[in-house]
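This report concerns only the one structure given below.
Any read-out appearing in this document is the output of simple, stated calculations on the displayed coordinates, not a laboratory observation. Keep in mind the model is a prediction, meaning the values are calculated, not measured. Positions of Cβ are generated from backbone atoms using ideal geometry, with glycine treated the same way; all protein chains shown enter the neighbour counts.
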Amino acid sequence: MKLYCLSGHPTLPCNVLKFKSTTIMLDCGLDMTSTLNFLPLPLVQSPRLSKLPGLVLKDGSTFLDKELKECSGHVFVDSVPEFCLPETELLDLSTVDVILISNYHCMMALPYITEYTGFTGTVYATEPTVQIGRLLMEELVNSIERVPKAQSASTWKNKEVQRLLPAPLKDAVEVSMWRKCYTMPEVNAALSKIQLVGYSQKIELFGAVQVTPLSSGYALGSSNWIIQSHYEKVSYVSGSSLLTTHPQPMDQASLKNSDVLILTGLTQIPTANPDGMVGEFCSNLAMTVRNGGNVLVPCYPSGVIYDLLECLYQYIDSAGLSNVPFYFISPVANSSLEFSQIFAEWLCHNKQTKVYLPEPPFPHAELIQTNKLKHYPSIHGDFSNDFKQPCVIFTGHPSLRFGDVVHFMELWGKSSLNTVIFTEPDFSYLDALAPYQPLAMKCVYCPIDTRLNFIQVSKLLKEVQPLHVVCPEQYTQPPPSQSHRTDLMIDCQPPPMSYRRAEVLTLPYKRRYEKIEIMPELADSLVPLEIKPGISLATVSAMLHTKDNKHVLQLPPKPPQPPTSKKRKRVSDDVPECKPLKPLLSGSIPVDQFVQTLEK
Amino acid sequence: MGSRQFLFLKGKKEKFFCFAEGFEEVKRAVRTRQSNLLCNVFILSVSCSHFHLDHCGALPYFSEMVGYDGPIYMTHPTKAICPILLEDYRKITVDKKGETNFFTSQMIKDCMKKVVAVHLHQTVQVDEELEIKAYYAGHVLGAAMFQIKVGCESVVYTGDYNMTPDRHLGAAWIDKCRPDLLITESTYATTIRDSKRCRERDFLKKVHETVERGGKVLIPVFALGRAQELCILLETFWERMNLKAPIYFSTGLTEKANHYYKLFITWTNQKIRKTFVQRNMFEFKHIKAFDRAFADNPGPMVVFATPGMLHAGQSLQIFRKWAGNEKNMVIMPGYCVQGTVGHKILSGQRKLEMEGRQILEVKMQVEYMSFSAHADAKGIMQLIRQAEPRNVLLVHGEAKKMEFLKQKIEQEFHVNCYMPANGETTTIFTNPSIPVDISLGLLKRETAIGLLPDAKKPKLMHGTLIMKDNSFRLVSPEQALKELGLAEHQLRFTCRVHIQDPRKEHETVLRVYNHLKGVLKDYSVQHLPDGSITVESILIQATAHSEDQGTKVLLVSWTYQDEELGSYLTSLLKKGLPQSTS
């Protein structure tokens, strides 16, 4: 059993597990933090961004000034944003049999894998994962494609050149592997390879391995996976949550008795309490609006936004915000809001009960009906007519590098009345804001990450008792910024095995048994002998049939007639290939009786 | 249309599995001889295939009045809709008909609390042996077929299903799960219904003609199921033809029902699912809620009204109002039970006796159109082809038609097909293989032997099966002995073969060696430095005869395990050596 680690990002994992005769890819997350090194893509030409000075190197050379721009002491690449792909050289990805997706955030690299590596297998994911994953990809492609950028910078990627650059560009890893965004046809092709699965559905892979998705409690349709044969069980835990938000709660019991538990996707903000953050979010929002400012919430079009809207639904009347317009701008805003209402089976119990009434499970249906929440595909068209300030806008992308959020950052950045509230934990808010500096706008950081924290992890591990734990190396030491917090790491016995990007781990597990079926006819012919009380033995000589990794024992064919003619010279004819084997002898010998018999 | 009840016995331990069915039938069953079986100990689980009352009507009675307290399984839509229909059923039976020995509203609520909702394809472990799995069945929203598995034996119960996708639902589907028994409904055992499109065109034509000539169309329906399909059909037709006549559906259930369809849109067919964001097919533009007063409005209209068999309620009221006018039409889209007004008019009766001895003369046109979504003969065969069962059991339907289908199934699939009468017990024998643990060492050794180019070719393997407290392990004989702490005995056979050969001993040995090497090409024949020969594990030594130097004695010794080769060798040597050429 081997684990190939293709991603260095602990919450956007991409691992390949070789187990028995199968090659299984676990998630294919796309590391988008690389986009933070790029200049934002404004929908309308931004005079400020176009006037940024080009980079002058320490030695005074200016050959990079077209590609790299400086803004408030940071250097940015002036090009179409690029993403850091999972490792593609560590093993031949065309040999991957199946890809298991745990949640819609962890499938963003799928088109790169399925369309560029010769992949011919199947992808398994739940229906909400696929539908919302498609929305995320659509939004991503849309917001990058609608701002065609003439130039694509590549000189700076040259190793010799990169060495000369200031940090963080100098230290950026694998820049040669960075790729531009995929296209919609590629997304569609990738998604067409997905087969839908439901929680606790047992899926046979080549008869050798069985995989099962389990509810992980983090997002709509998010799953952990059990990969097992008759004797071995590997649990893949990725992006799980024990908090009660909208998704179905996490299924912990089924993770018990694992030989190996691969643990990824823990909270990125272990010190923040999501409930407290939501409270802070609401109060900051209210305060800004009351003072006549606008609130910008950079977010993904699905996920935490449903919870935020639900909180606001309960909060706006009491906070006197009922007249403030809430806008949700995304090419997939409408689809996301509609889809959230039809996945009753994937929701928590409270929401399911509402559907049984029948009522929409999420209150944003009511917000839309009462015109408190309006959604638009983009800032063009209807939105420009309806736009009223002060207002609250939810829009993407949380990296602040593309999408309509860029427009509002430019528009509102100069006024200290306005506030931008960061709720998505995927990007460092300081880095995200860097190309907009200097900024008068208020910035509030309320990261809401409902994934497991370290206390919950140690409780979980105590509960499910895996023999071995495997996790990204980041989880085996305290975060670099808080090196004294030894509580912010995984603590278990035996200590977890850790992996880093481009590493291959041999998992400590040895298989000893395999399942085989004895056909009823053969079973009838067996002669068991009780050797010790309760223990019987039977000698088995049978034909072994192996098909689709399933082994079956059948009655051997009748031995051919023993040769009567001694003239035949070919010994191999005389001694048939399938000669029955004489059993080993054991037991006590009744000597007297034996001798008596001989005497006769 | 399922109105029977099944119990079966399976597995190592006795297990009963019950498919909840109609109220009256279960009640009868409880009263009669099966009652002793219906105690909690035996029934492990109940699964409810869909929300039609003939499939779930007895649930509260069963769980709250008989005392069943095990789990009940349903899909989410069934769980959502079922209590509403039950409550409706209760109201009609208790409040209108005055039945007393019936379940209460509270019982419905308590019963629903015991329901476990299942996903499609989810494997539910009921206990350590029994697992169930639901498959999509088409028929109505949330309808499911259930697979029940105990060890390696399995049964599939279809409930009602539909193998052709319709305007709002997809087709039933099952994987090649090869159950030991497939229990399928056979309501339309011999019918191969004319194509869906024809029926739809026919329906639209009739409605259109009636409306054109200013008549009113009454379509008695059950609240959920066909109603939605016909609504979609009329809605799209109205839009295409730009018709203005109003369409209504009767209040209450149907309106609410459409809401269920909107929220459970993932259970509908692919087309509706794909387009629901742009246009939700269950948000009707042309179809409005019905008000009692509308029935007397002049001019044409189309009304969907419940219930479907014209036996009570709004549909019957409207029917009475409109029956006298030959311009009007009633379209019965489904089957009607004997004794109902629907059944009477379908069988041609035109003078009906209503309560109060009133005679109602039916002048309006009466049309019957089968839209009920059951699998027809073709569909049943298709399902059997998909699932590849070892036995088939037919339920529901007329015996003659079932007999025909039974023959067809036996002919085409060469499997046993049963059609037990009500109350009859069918015993089906299965012959399951026995799963055993094989040590990987043995398996690998056996597959490695010979390393034939064709690795898939069956090979002979030898091992010892250890049976200990219900566990079966197949290991190599050596390992078995070691594990059990048994000493191995060596049984050797020794045989002397006399050979006339005047030469010296070592030369004789050499001749024997060359001879054997020539004959036994596939075996390892070795000449050891101490002067002996080995063929595999068989030892051959030569000594001069103590009395006759011209006779050499060959001592052949082999173990019990090599008996065949050993005796073959002796007989070979007894024939003497070939004349030496040297």
With a 20 Å threshold on alpha-carbon distance, the violating pairs from A:18/A:462; B:91/B:256; A:510/B:468; B:206/B:327 are A:18/A:462; A:510/B:468
Taking amide hydrogens as modeled 1.01 Å from N in the peptide plane, which residues meet the under 5 Å criterion relative to residue A:57, leaving out close sequence neighbours?
none
Of all beta bridges DSSP finds with both residues in chain B, what is the antiparallel percent, to the nearest 5?
50
Pull up all non-local amide H partners of residue A:468: gap of 5 or more, or a different chain, and H-to-H distance under 5 Å with H placed in the peptide plane.
A:260, A:261
Footprinting exposure proxy for B:360, A:263 (fewest neighbouring C-beta atoms within 10 Å first):
B:360, A:263
With +1 on each Lys and Arg Cβ and -1 on each Asp and Glu Cβ, how big is the dipole of chain A about its Cα centre, in debye rounded to the nearest 20?
1440
What fraction of the DSSP beta bridges in chain A is antiparallel, stated in percent and rounded to the nearest 5?
50
Kyte-Doolittle mean at least 1.6 and Cα axial length at least 18 Å: DSSP H helices in chain A:
none
Within the range B:57-103, which GluC sites (Glu not before Pro) sit in a loop by DSSP and count at most 16 neighbouring Cβ atoms inside 10 Å?
B:99
Using alpha-carbon positions, what is the distance between the centroids of the range B:59-81 and the range B:84-143, in Å?
4
Not counting the cut sites, what is the longest span of chain A without GluC sites (Glu not before Pro) that DSSP labels loop and that have at most 11 other Cβ atoms within 10 Å?
A:90-576
The range A:8-34-the range A:413-471 distance, computed between alpha-carbon centres (Å):
22
Can you work out the Karplus-derived ³J(HN,Hα) for every residue in the range A:96-109? Use 6.51 cos²θ - 1.76 cosθ + 1.60 with θ = phi - 60°, whole Hz, and x for glycine or proline.
5, 7, 9, 10, 9, 9, 9, 7, 5, 6, 9, 10, 5, 8
Just going by the charge dipole of the protein assembly as shown, with Lys and Arg at +1 and Asp and Glu at -1 on Cβ, which of A:331, B:348, B:150 is farthest out on the positive end?
B:348
Give the percent of DSSP beta bridges with both residues in the protein assembly as shown that are antiparallel, rounded to the nearest 5.
55
Got a sec? How would B:547, B:403 order by Cβ neighbour count within 10 Å, fewest to most?
B:547, B:403
Here the whole-number average of other chain Cβ atoms within 10 Å per Cβ of A:507-519 is 5
Please compute the Kirkwood hydrodynamic radius over the protein assembly as shown, one decimal place, Å, based on all pairs of different Cα atoms.
35.8
Enter the per residue convex hull volume of chain A, computed from alpha-carbon coordinates, in Å³ rounded to the nearest integer.
237
Peptide A:330-339: average number of partner chain Cβ atoms within 10 Å per residue?
2
Sequence of A:114, A:506 once ranked by neighbouring C-beta atoms within 10 Å, starting from the fewest:
A:506, A:114
A convex hull over the alpha carbons of chain B yields, per residue, a volume in Å³ of 235
Residue by residue through A:531-540, how many Cβ atoms from other chains fall within 10 Å of the Cβ on average?
6
Directionally averaged projected area (convex hull, Cα atoms, the range B:47-183), nm²
9.0
Would you mind checking the tilt of helix B:76-90 against the longest principal axis of the Cα atoms of chain B, expressed as 0 to 90 degrees and rounded to 10?
40
Relative contact order (%) - chain B, alpha-carbon pairs under 8 angstrom, separation at least six
10
Counting other Cβ atoms within 10 Å, keep those with at most 13, restrict to DSSP loop, and tell me which trypsin sites (Lys or Arg not before Pro) in the range B:515-582 are left.
B:521, B:575
Two-decimal Rg/Rh across the range A:460-539, once Rg and the Kirkwood Rh are taken from alpha-carbon atoms:
1.34
